[in-house]
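Read through the structure below, which is laid out as structure tokens, and then see the notes.
The values are calculated or read from the model by the stated rules, or taken from the named source; none is laboratory data. This is a predicted model, so every value here is computed, not measured. Positions of Cβ are generated from backbone atoms using ideal geometry, with glycine treated the same way; all protein chains shown enter the neighbour counts. Side chains included, ligands, DNA and RNA excluded: accessible areas come from the protein's heavy atoms. Shrake-Rupley method; radii C 1.70, N 1.55, O 1.52, S 1.80 Å.
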Amino acid sequence: MNNELLKTAVKASIPIITVSHPDILNVSAVLSEVVGVPVGLYPLGTDFDPSKASIGKGKLSAFSVYYTINPDFKCNETLYNWLVENDKTLIMVNVFDPSYAFNAGTLTLSVPQIKKLLKDLLDPITIASILPTLQGLTIKAITELLRITTAQDGNITTTALIKNRSLVTSGVQGLCKVDNDTPLYLPNKELQEYIDLNKEYFINKNTPMALVPRGILLSGLPGVGKTLAAKHISQLFDAPLYRLDLSASLSKFVGSSERNLAAILSAVEQEPYAILLIDEAEKLFGEGEDSGVTSRLLAQLLWFLQEHKSRIFTVITTNDMTKLPPELYRQGRIDQALTLAPLNLQESYALGYKVAEQFIDIDTYKKTLIRGVIDKLQGNNNNFTPATITGVVQTLIKKNKWINA
């Protein structure tokens, strides 16, 4: 959609446009492909000087659309008016000036551009099979990914590309990739039923978008396994897990926080499929938070949750659901709100045994000791969380030296 917005803005002769794009090495080729005309590098330095424009008029008249990647570039009224009078457009890449520029969002590589890039490198059948895996990457990243995969695996396959993709994607501040390794996780019945119902609809690439699961809200006390649930879903859905760290994208500059969040959402949306974790959402969007910036960020996130057409599954977690704005977990943005409760005594025993079995063979004697340390937690049901049970059993293993250090 952003590419179409840029194309429309150029067609409408908007004089100054700003876009984001991480691959400055190939930005001229990408811009030219998107707008449909050759795009030239703006030749007049960091700002507009009418006298230089007169001297370099031949250079300027060679193109109708220019771009700059100079972070020190300065817009002014004279530049704006000159571009209008001469029917020219300047595209500022990764250079932001809200006073003069129209923001066309993030510039991405289209499917036809990716096919064009690959046609001399791979056969049509291979291109068709790997195309979804390459979407959202830049020319530089695709080239590097193909080289790394060929060097490591010997040939190009979808599985190999997915394995190596994270090696070439540049990080976006506020979007953190999370290791989804969960050696032990026991989902409750309600969560398991949700996963069983929705797993195939997420994995199957032919699923109509209206039926692709969008996400869940998990509420419950700290330690009940909300983040582990996100990792578990990531494993079962065979999709990378990313955590939205909104605090890392906050900025004191007007409009910067909103632009940073837009970059985060755009980056995750370019993934072929992914799990997006919004952890402890009440700390970000609690009822007591009335900051104007926070309200705008919430509105931005709500729009994404409602309108995105990508295979992104969102997991929102909260320690206190009553502190969240209800519009965050409305139907259509997520599928279901689930509460993860502490374990009962028998469930705690069962988990305790499984924790120990990761390290040792357990017999009747060891089971008795495990039940004993768990029994001491009684009196406060909040103690019966997976995190607490795991901790006391691991401590028991160490104290009894069932495994030598």
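Take the chain with all the other protein chains still there, run a 1.4 Å probe, and you get 51 Å² of accessible area per residue. The mean sequence separation of alpha-carbon pairs under 8 Å and at least six residues apart, normalised by the residue count of the stretch 59-135, gives a relative contact order of 28 percent.
Looking at [x] -0.24, -0.66, -1.07; [y] -0.30, -0.80, -1.21; [z] -0.34, -0.81, -1.16, which value of log10 I(q)/I(0) by the Debye sum over Cα atoms at q = 0.06, 0.10, 0.13 Å⁻¹ comes from a calculation on the structure shown? So the structure-derived entry is [z].
For the chain, the mean residue ellipticity at 222 nm estimated from helices alone is -13500 deg cm²/dmol, where every DSSP H run of n ≥ 4 contributes -39500 (n - 2.57) and the total is divided by all residues, rounded to the nearest 500. Once the Cα atoms are used to define both axes, helix 2-11 deviates from the longest principal axis of the chain by about 10 degrees.
Here are some pairs, Lys163/Lys189; Lys376/Lys398; Lys323/Lys376; Lys11/Lys115; Lys163/Lys231; Lys7/Lys88; which of them have Cα atoms lying more than 23 Å apart in this structure? Violating the 23 Å Cα-Cα cut-off are Lys163/Lys189; Lys323/Lys376; Lys11/Lys115. Charge dipole of the chain (Cα centre as origin; +1 on each Lys and Arg Cβ, -1 on each Asp and Glu Cβ, all else neutral): 600 debye, rounded to the nearest 20.
Carbon-plus-sulfur accessible fraction, the chain (probe radius 1.4 Å, protein heavy atoms only): 53%. For Met92, Met209, the ranking by accessible surface with the largest value first comes to Met209, Met92, using a 1.4 Å probe. Using only alpha-carbon positions in the stretch 156-200, the gyration tensor eigenvalues give semi-axes of 29, 16, 11 Å once each is multiplied by 5 and square-rooted (largest first). In the chain, a dipole from Cβ-located charges (positive for Lys and Arg, negative for Asp and Glu) runs towards its positive end, and of Ala104, Thr159, Ala29 it is Thr159 whose Cα lies farthest in that direction.
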